[in-house]
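Participant: Got a structure for you, written out below as structure tokens; questions coming shortly.
What follows is calculated from the coordinates using simple rules that are stated; it is not laboratory data. Remember, predicted model here, so these are calculated numbers, not experimental data. Cβ coordinates were reconstructed from backbone atoms using ideal geometry, including for glycine residues, and neighbour counts include every protein chain displayed.
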Amino acid sequence: MVVRAVRIAFKYQRQFRRDVFIDLNCFRRWGHNELDDPVITNPLIYKIIQNRPSIPDRYVEKLISANVLSQEIVKNIIESHTALLNKALKESTVDVSRHLATSYLTGRWTGMKQAEANITRWDTGVDLRLLQFLGKKSVQVSPNLDIHPQLLKNHVQNRLKKFENGKALDWSTAEALAIGSLLYQGYNVRLSGQDVGRGTFSQRHAMFVDQSTEAVFIPLNSMVNDQTGKLEIANSILSEEAVLGFEYGISISSPFILPIWEAQFGDFFNGAQIIIDTYITNGEAKWMLSSGLTMLLPHGYDGAGPEHSSCRLERFLQLTDSKDDEIDSDDINIQIANPSEPAQYFHLLRRQMIRNYRKPLVVVAPKILLRHPAAVSSFSDFMPRTSFKTIIGDNNIEKNCNVNKIILVSGKHYYALNNYRETTGNKNVAIIRIESLCPFPVYELLEEIEKYKHARIFIWSQEEPRNMGAWNFVKPRFETLCGRQLKYCGRKPMAAPAVGDGQIHQQEANEVIVKPFTIK
């Protein structure tokens, strides 16, 4: 019966198109070649449309004539659906404050709260013994599993070696520890995107595939019992709008699921812009629906050209309800972070579930930092009483009177600047990393720059062109709320995110590193 209804629907759709074409051709019979004639077209076209049976009515006629439905069944369908709509309309007129409390505090969301108008810090650290247990579990291989020999050597054995000294934990290890600890606490985690099981840059390997049977094994799920959660790996098709829409639906269904969507490259989010604009960034404001959805958007100017360099950070910053003349708080609509250390990423993921409210999180994710020898963390960065740092001060230079310039930076660009400073032996410039862009960390930033009493020059350094990146977001907030003038160092304004020529890219890359130290 259903198949017949679908066939009739397609047949009727073709017939309807032909009928409309014939009806509209009547204008040409009357000598009117343009359908936008203000005198003839408007009243006639409305009359034609109004006199036609509606599409549902004509479709019902076809189904009845084909003995798919009866008139009584049609009547029952219409009455029941009309009653459903009337009920929804009546419920929507309930007092907003009562509905707000109901939507947040009942059912699966019992215990959750709205974010308050202040900044809270959450202890997201984990006990050392649990970290070591999770690290081993994340690469646990069954003797019966025929794992690829290169994977066994370069991933499994390397990770186990890192846990022996606990001082050089990389990005993917920090991620495995964050996800594993959440599973251990009973939360479910879902990771989706193109080839996320392996990771675009072959860094993750959250799932192993048997080389003989092609059976899939997820190591972190080997510790599943009645109290632990489950990790679901969804290697999705290249359909960002559909996938991200599904993950948003997962995120609003329960506060105990952490849905993580990773774009293969940061700019891939543009295929899902409708979901971001309509649901993720303002679903709470419009419909009072909390979401803890996390988006990982690989970003960085590494010579990949215009398409895969930028996650369009500036667009997400424009979508926040942050004000440049007021200090941000937890109740901001979305949170945007550009972490520069693995432990920072670890705390971000755990914070999404540990706190008693839910907010969408955009992580400006790295590419070269995944294996950068300086971008590592030690066990002490993951331990109890540690948390996400909204800024990271400069520990490579003394807080002395010789520092006359402070460079503000976010993300992986810090490592290029710090390397240049060490190479040149410059002791007069301090570099402060802003890890949380929104909420903008005014108090923490003021506390840090106050340590440099003689600093008079403040510079924002970024890889992105001037009309992109975080410059236009950071400048008014820093100058208004921190009371210092901020200068710009980065690429010039551009139409495309990056150039497509290797030599020009290298020239620009050198300029954005050197210029912050020479500007006065």
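Participant: For the range 244-354, what size does the Cα cloud have along each of its three principal axes, sorted from largest down, in whole Å?
Facilitator: Extents along the principal axes: 42, 36, 31 Å.
Participant: Next question. Measuring from label point to label point, each 7 Å out along Cα→Cβ, what is the Asn510 to Ser380 span in nm?
Facilitator: Label at Asn510, label at Ser380, 3.9 nm between them.
Participant: Please compute the alpha carbon radius of gyration of the range 190-310, then divide it by the globular-protein estimate 2.2 N^0.38 Å. Two decimals is fine.
Facilitator: The range 190-310 yields a ratio of 1.17.
Participant: I'm a student and want to see the number: the projected area of the Cα convex hull of the chain, averaged over all directions, in nm².
Facilitator: If you wrap the Cα atoms of the chain in a convex hull and average its projections, you get 34.2 nm².
Participant: While we're here: Please compute the length gained on full extension between Thr213 and Ser65, using 0.36 nm multiplied by the number of residues separating them and subtracting their Cα-Cα distance.
Facilitator: 48.0 nm
Participant: Report, for the range 391-518, the % of DSSP beta bridges that are antiparallel, rounded to 5.
Facilitator: 15
Participant: Based on the Cα coordinates of the range 384-464, what is the per residue volume of their convex hull in Å³?
Facilitator: So the per-residue hull volume is 112 Å³.
Participant: Further, regarding this structure: Round to the nearest 0.05 the FRET efficiency obtained for Leu446 and His372 when R0 = 22 Å and r is the Cβ-Cβ distance.
Facilitator: 0.15
Participant: May I pose another question? Based solely on C-alpha atoms, express the radius of gyration and the Dmax of the range 128-381 in angstrom.
Facilitator: Looking at the range 128-381, its Cα Rg and Dmax stand at 18.0, 61 Å.
Participant: Tell me the volume per residue, in Å³, of the convex hull enclosing the alpha carbons of the range 414-506.
Facilitator: For the range 414-506, the hull spanned by Cα atoms encloses 116 Å³ per residue.
Participant: Apply 1/(1 + (r/R0)^6) to the Cβ-Cβ distance of Thr82 and Asp226, taking R0 = 60 Å, and write down the FRET efficiency to the nearest 0.05.
Facilitator: Taking R0 as 60 Å, the efficiency between Thr82 and Asp226 is 0.85.
Participant: Please list the non-local residues whose amide H lies under 5 Å from the amide H of Ile336, H modeled 1.01 Å from N, same-chain partners needing a gap of 5 or more.
Facilitator: Under 5 Å from the amide H of Ile336 lie the amide H atoms of Val362, Leu437, Cys438, each far enough along the sequence or on another chain.
Participant: In Å, what Rg and Dmax follow from the Cα atoms of the range 330-467?
Facilitator: Rg and Dmax of the range 330-467, Cα atoms, are 15.5, 47 Å.
Participant: Let me ask you something else. Could you work out how much longer the chain between Tyr488 and Val141 gets when fully extended? Use 0.36 nm per residue separation minus the Cα distance between them, nm to one decimal.
Facilitator: That works out to 119.9 nm of additional length.
Participant: Additional query: Using a Förster distance of 51 Å, how high is the FRET efficiency between Asn426 and Trp122, based on the Cβ-Cβ distance and rounded to 0.05?
Facilitator: 0.90
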